[in-house]
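Reviewing the structure listed below.
The values are calculated or read from the model by the stated rules, or taken from the named source; none is laboratory data. Remember, predicted model here, so these are calculated numbers, not experimental data. Glycine gets a Cβ as well: all are built from the backbone with ideal geometry, and neighbour counts include every protein chain shown. Ligands, DNA and RNA are excluded from the accessible area calculation, which covers all protein heavy atoms including side chains. Shrake-Rupley method; radii C 1.70, N 1.55, O 1.52, S 1.80 Å.
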Amino acid sequence: MGTPVITKAKIAERLIESILTAKLRPGERLGEQDIADLFQVSRTLVREALMHLQTRGFVEVRPRVGWYVAEPSFDEARETYAARRVVEPGMLRDAGKPLQATLKRLRKHIADEREAIASGDAAARSWLLADFHICLAECLGNRFLTSMMVDLSARTTLVSELYQSKTEAKVFNDDHAAIVEALAEGDNARAEQLMIAHIDALASRLDESLVGRGGARNRLRSILAPEDPASSK
């Protein structure tokens, strides 16, 4: 097998994944040359990927300084949850009763969340709790909503890094489980109301005074370095 072709979409995807797992944090610098070296591609390709992410609101360019992971304002944080409050309950309202294979996948996802929470694996916990909403959209079979949920979930992760504490993981895992069980019973109205309550609970934890925790760190090499093909054999 030949070496996989690295495209701007692949670079953008890796950056989004790193935001979803909270490995790339708000305000972190994204050096074009660093990323180009990691993926062994041109800076032009990296710049195109970053420009694409800029249009989606995930990175920003600072004149004469460079590219950075976006730092949503507090108003943008509230707007993120307002958007989710419209999109996700509506997605459940029109879902119908999921197939058993779909329910099995969602329950497995919830079990994985629970395991990550119990183990204290912060990266896995962050990824899985955010990915549940993407997984749900995928399971309900709407690729446009799935794409939208990728963006909303990644933006929510940035918002969480800036404006929320991280003490409610088990509660939110329980919320996910309740939503899935309501769908399993064919009670879409209850699933919809549970999702609204879940999103409202997340939004209620926004705290503008928490902004600035931790600070940005340049950890691109450990975060984004492509896997060594030899190590996966």
statement: By residue number, the members of region 174-191 that are buried (at least 22 other Cβ atoms within 10 Å of the Cβ) and either in contact with a Ser or Thr (Cβ under 6 Å, 6 or more places away or on another chain) or not aliphatic (A, V, I, L, M) (or both) are HIS176
- prompt: Of the residues that sit in region 119-134 and are surrounded by fewer than 20 Cβ atoms within 10 Å (Cβ to Cβ) and in contact with a Lys or Arg (Cβ under 9 Å, 6 or more places away or on another chain), which one is farthest from ILE19 (Cα to Cα)?
  reply: SER119
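Residue-by-condition table, conditions (1) without any contact (Cβ under 8 Å) to a residue 60 or more places away in the chain; (2) in a helix (DSSP H, G or I); (3) aliphatic (A, V, I, L, M); (4) in contact with a strand residue (DSSP E or B) (Cβ under 9 Å, 6 or more places away or on another chain):
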{"residue": "CYS135", "(1), (2), (3), (4)": "yes, yes, no, no"}
{"residue": "LEU145", "(1), (2), (3), (4)": "yes, yes, yes, no"}
{"residue": "ALA154", "(1), (2), (3), (4)": "no, yes, yes, no"}
{"residue": "VAL159", "(1), (2), (3), (4)": "no, yes, yes, no"}
{"residue": "VAL180", "(1), (2), (3), (4)": "no, yes, yes, no"}
{"residue": "ALA191", "(1), (2), (3), (4)": "no, yes, yes, no"}
field: Boolean, THR80 is modelled with pLDDT of 95 or more, closer than 30 Å to GLY141 by Cβ and either of a type in the set (Gly, Ala, Ser) or buried (at least 18 other Cβ atoms within 10 Å of the Cβ) (or both)
entry: yes
query: If LEU106 satisfies every condition in (1) open to solvent by 20 Å² or more (accessible area, probe 1.4 Å); (2) part of a helix (DSSP H, G or I); (3) not β-branched (Val, Ile, Thr) but one, which is the exception?
result: (1)
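The rows are residues; the columns are (1) at pLDDT below 95; (2) surrounded by 21 or more Cβ atoms within 10 Å (Cβ to Cβ); (3) within 24 Å of LYS104 (Cα to Cα).
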site: ARG143; (1), (2), (3): yes, no, yes
site: VAL159; (1), (2), (3): yes, yes, no
site: GLU168; (1), (2), (3): yes, no, no
site: GLN193; (1), (2), (3): no, no, yes
field: Unmet requirement for ALA95, which otherwise passes all of (1) open to solvent by 30 Å² or more (accessible area, probe 1.4 Å); (2) part of a helix (DSSP H, G or I)
entry: (2)
Region 55-84, residues that are in contact (Cβ under 8 Å) with a residue 12 or more places away in the chain and either touching a Phe, Trp or Tyr at 6+ places or on another chain (Cβ under 8 Å) or among the basic types (Lys, Arg) (or both): ARG56, VAL59, VAL69, ALA70, PHE74, ALA77, ARG78, ARG84
- prompt: Yes or no: ASP75 of a type outside the set (Lys, Arg) and either surrounded by 13 or more Cβ atoms within 10 Å (Cβ to Cβ) or more than 21 Å from TYR163 (Cβ to Cβ) (or both)?
  reply: no
- prompt: Does at least one position in region 18-25 carry a residue that is out of contact with any helix residue (DSSP H, G or I) (no Cβ under 7 Å at 6 or more places or on another chain) and either among the polar types (S, T, N, Q) or over 22 Å from LEU128 (Cα atoms) (or both)?
  reply: no
